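Everything below concerns the one structure shown next.
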Amino acid sequence: MMKAILSAALLAVAMPAMVPTAALAQNAPAKPKTLQYLDATLFQPVLILPAPVARDMPANARELAMLHQLIAGASPQRLKQAYQDAIHEDPAVFNETLGVDLKKLPATWELLEIVNHESAVVASIAKDHFHRMRPYSADASLPFCEGKVDPAKPAYRSYPSGHSTLGYAVGVALARLLPAKADRIMDRAQDYAMSREYCGAHYASDIQASEVIGTLAATLLLNDPRLADKVAAARVELNRI
């Protein structure tokens, strides 16, 4: 169902370049809630995502049971990877896949940071709208890879996953810039997203929603004429590795 929604969303926004909703402040924080390139009206949550199931519905209980089963059957190595993925949330999570430090490719890193920022903002819009409780908050017996849950950590920002949105958005961007390595890149994007389930931080449907938002955001950004020069410069750098 999510694939059909994604296809419909991509078709719905196949239009001329969008007007930015807001400019970034010069000294903005790492993830400001403003968009420089994407049009927020194209990311209205109810238009691109189905609502998550309510906490008291049987479907939610089934998702929790699946998380318990997944984590219980995971190897120590996979759980360790889930933790490492949890504490690393930037485009460098693709370094090992590509065999290069992306931060040392200035044009590429600049473009990927834009993709990361823009996709994070639209994911946050959906999180605020759907207000879904995180699985480890809904079920205190669920193991959480980061250890004790910080009471200050927002409990109602589960849908979609921010980490997974990053993985899919940056992954799609890299796959389009490096089509010869697309399979490996998208495998890493999927595996990075799955770490959120192994971590106990997100439901499977949170991850599916992130794929929709991340793919849509990356597709629009790479086709935005205002970013054409940055895309071309990144492609030149990446094709040298």
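The values are calculated or read from the model by the stated rules, or taken from the named source; none is laboratory data. Just so it is clear, the model here is predicted, and its values are computed rather than measured. Using ideal geometry, Cβ is built from the backbone for each residue, glycine included, and neighbour counts are taken over all protein chains shown. What goes into the accessible areas is simple: the full protein's heavy atoms, side chains included, and nothing from ligands, DNA or RNA. Shrake-Rupley method; radii C 1.70, N 1.55, O 1.52, S 1.80 Å.
Points worth noting:
- Lone qualifier among L47, L42 - being touching a helix residue (DSSP H, G or I) at 6+ places or on another chain (Cβ under 9 Å) and open to solvent by 40 Å² or more (accessible area, probe 1.4 Å): L47
- Neighbours by Cβ (under 8 Å, 6+ apart or cross-chain): first from region 95-107, over 16 Å from A233 (Cβ atoms); second open to solvent by less than 40 Å² (accessible area, probe 1.4 Å) and among the polar types (S, T, N, Q): D101/N95
- Residue pairs whose Cβ atoms lie under 7 Å apart, sitting 6 or more positions apart in sequence or on different chains, and linking a residue in region 212-241 that is in contact (Cβ under 8 Å) with a residue 24 or more places away in the chain to a partner that is hydroxyl-bearing (S, T, Y) and open to solvent by 20 Å² or more (accessible area, probe 1.4 Å), are L221/Y37; D224/Y37; R226/Y37; L227/Y37.
- Among residues of region 74-89 that are within 26 Å of S119 (Cβ to Cβ), none has a beta-carbon under 9 Å from a residue that is among the hydroxyl-bearing types (S, T, Y) and in a loop (DSSP other than H, G, I, E, B) at least six positions away or on a different chain.
- Pair list, Cβ < 9 Å and 6+ apart or interchain, from region 25-45 residues that are closer than 19 Å to F130 by Cα and modelled with pLDDT of 95 or more to residues that are among the acidic types (D, E) and open to solvent by less than 90 Å² (accessible area, probe 1.4 Å): P45/D128
- Here D224 meets each of (1) within 16 Å of the chain's Cα centre (by Cα); (2) among the acidic types (D, E); (3) open to solvent by less than 10 Å² (accessible area, probe 1.4 Å) with one exception, condition (1).
- Residue tally, condition part of a helix (DSSP H, G or I) and in contact (Cβ under 8 Å) with a residue 12 or more places away in the chain, over region 47-73: 10
- For region 79-101, residues that are open to solvent by less than 30 Å² (accessible area, probe 1.4 Å) and closer than 22 Å to Q69 by Cβ total 3.
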